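For reference, the structure is listed below as structure tokens.
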Amino acid sequence: MSKSAKYALSDKIIDKVSELSEMIGNLKELSGERIVIKCGGELMDDENFLESLGNDIAILRTLGISVVVVHGAGSQVDRVLAKLKIKNDFFDGYRITDSATIEVVEMALTGLINKNFVKYLLKHEVNCIGLSGKDNNLITAKKIRRTQKDEGSNIERIIDLGFIGDPADINLEFFEDLLDNADLVPVISPIAFDKSFNTFSINADVLACYIAENIKATKVIIMSENYNIKSKDGIINGHIKPSDVNRLIENTTDYKMILRLKASVNALKNGVEAVHIISSEDKHSLLAELSSLNDTTSGIVICDNK
Ligand SMILES: Nc1ncnc2c1ncn2[C@@H]1O[C@H](COP(=O)(O)OP(=O)(O)O)[C@@H](O)[C@H]1O
Ligand SMILES: CC(=O)N[C@@H](CCC(=O)OP(=O)(O)O)C(=O)O
């Protein structure tokens, strides 16, 4: 029987449907798994990005993939501090955060950015909850201690970063409840109390990796405009083995990338299968990355088995 021109599907449609079917098949390999998505602060002002991400997360949820989001707010904090004429410096990729600065950081992260992110998930009918590490002791922070040796001297100086912490504890029971019983997408602002109820800010990449290790996530996806390693040997991207990361760290001066890489290697050591540091520029970049089964990447994939 020949194809009737009136009713047969065009080759273009058939090709599209075949591709869609293959992509859904690939994504379904993650069904029942958990992934942690970290979005940098710079993306939090970009409505097109948030719409596209909301849509992509909704699709992942319909395929039975559990999602946790951790977001930053670096550029929003920069803006508010500039408006308030509060000066601040960076050290080793961290913002030196005094008591006036931590108030701005918490307001931007937990007040503004967190709830705006929730809006874009709700618009795409994703059941979600916006929290900071403070809520129900989701995360407990511990002050970071840094020292520095001056050139030609063996004396170590203590560098006080202020209210900057590392994650030290997690309320895993509550996390499991949110994911498995309430079936929600937790959207987490990287602010937490320490044991004495002082407020601390945690680097969002570090927190995303810490959460992933603890909830036994398969992947961490770090979405950023900074998704290449600018090293002495040029610009590096593609697949990288964890054993090659130390050399790359030595060859770059981008402190935020160094923090990102160190946190990623740690996550892999603790059971996460792959960390993807990907471009946020193209529409649906999250789905594109996840549906290609680690074969192609818009940025960097750190994993052992490639
Ligand atoms: N020297 C520095 N060290 C660490 N962070 C910095 C430094 N200079 C600027 N920043 C912060 O880093 C942000 C950009 O970091 P980047 O890795 O590109 O993005 P993101 O973490 O948002 O994905 C800026 O908005 C600023 O808040
Ligand atoms: C501790 C620390 O670095 N806090 C960041 C905010 C959280 C974060 O990591 O935001 P980005 O991902 O947007 O950089 C800051 O003060 O800028």
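The values are calculated or read from the model by the stated rules, or taken from the named source; none is laboratory data. Treat the numbers as computed from the prediction; the structure is a model and nothing was measured. Here the Cβ is made from the backbone with ideal geometry for all residues, glycine too, and neighbour counts use every protein chain on show. We work out accessible area using only protein heavy atoms, side chains counted, and drop any ligands, DNA or RNA first. Shrake-Rupley method; radii C 1.70, N 1.55, O 1.52, S 1.80 Å.
Projected onto their three principal axes, the Cα atoms of the chain cover extents of 86, 43, 38 Å, largest first. Would you please state the base-10 log of I(q)/I(0) at q = 0.10, 0.17, 0.18 1/Å for segment 133-283, with intensities from the Debye formula using one equal scatterer on every alpha carbon? Log-scaled intensity ratios, in q order: -0.42, -1.10, -1.19.
For the chain, the solvent-accessible area works out to 51 Å² per residue, with a probe of 1.4 Å and every protein chain left in place. The slack between Lys16 and Asn266, meaning 0.36 nm per residue of separation minus the straight C-alpha distance, is 86.1 nm. Here the 3J(HN,Hα) profile of segment 120-134, calculated from phi with Karplus coefficients 6.51, -1.76 and 1.60 at θ = phi - 60°, is 6, 6, 4, 4, 9, 6, 9, 6, 8, 9, x, 9, 10, x, 5 Hz, Gly and Pro shown as x.
Here Lys87 is the anchor, and the lysines within straight C-alpha reach of less than 26 Å, apart from those fewer than 8 places off in the same chain, are Lys142, Lys143, Lys149, Lys256. Over 20 Å between C-alpha atoms is what I'm after, so list which of Lys123/Lys216; Lys28/Lys119; Lys38/Lys115; Lys28/Lys115; Lys230/Lys283 land there. Over 20 Å Cα-Cα: Lys123/Lys216; Lys28/Lys119; Lys28/Lys115; Lys230/Lys283. Roughly how many percent of the accessible protein surface of the chain is carbon and sulfur, given a 1.4 Å probe and a whole-percent answer? The C+S portion of the solvent-accessible surface of the chain is 50 percent. Axis angle, to the nearest 10 degrees, between helix 11-28 and the longest C-alpha principal axis of the chain: 40 degrees. Here segment 33-303 carries DSSP beta bridges of which approximately 40% are antiparallel, counting only pairs with both residues inside. Each label point was placed 7 Å from the Cα along the Cα-to-Cβ direction; for Ser99 and Lys241 their separation is 5.2 nm. Treat segment 18-160 as a sphere of radius equal to its Kirkwood radius over Cα pairs and apply Stokes-Einstein at 37 °C in a medium of 0.692 mPa s; give the translational diffusion coefficient in µm²/s, rounded to a whole number. Rounded, D is 182 µm²/s.
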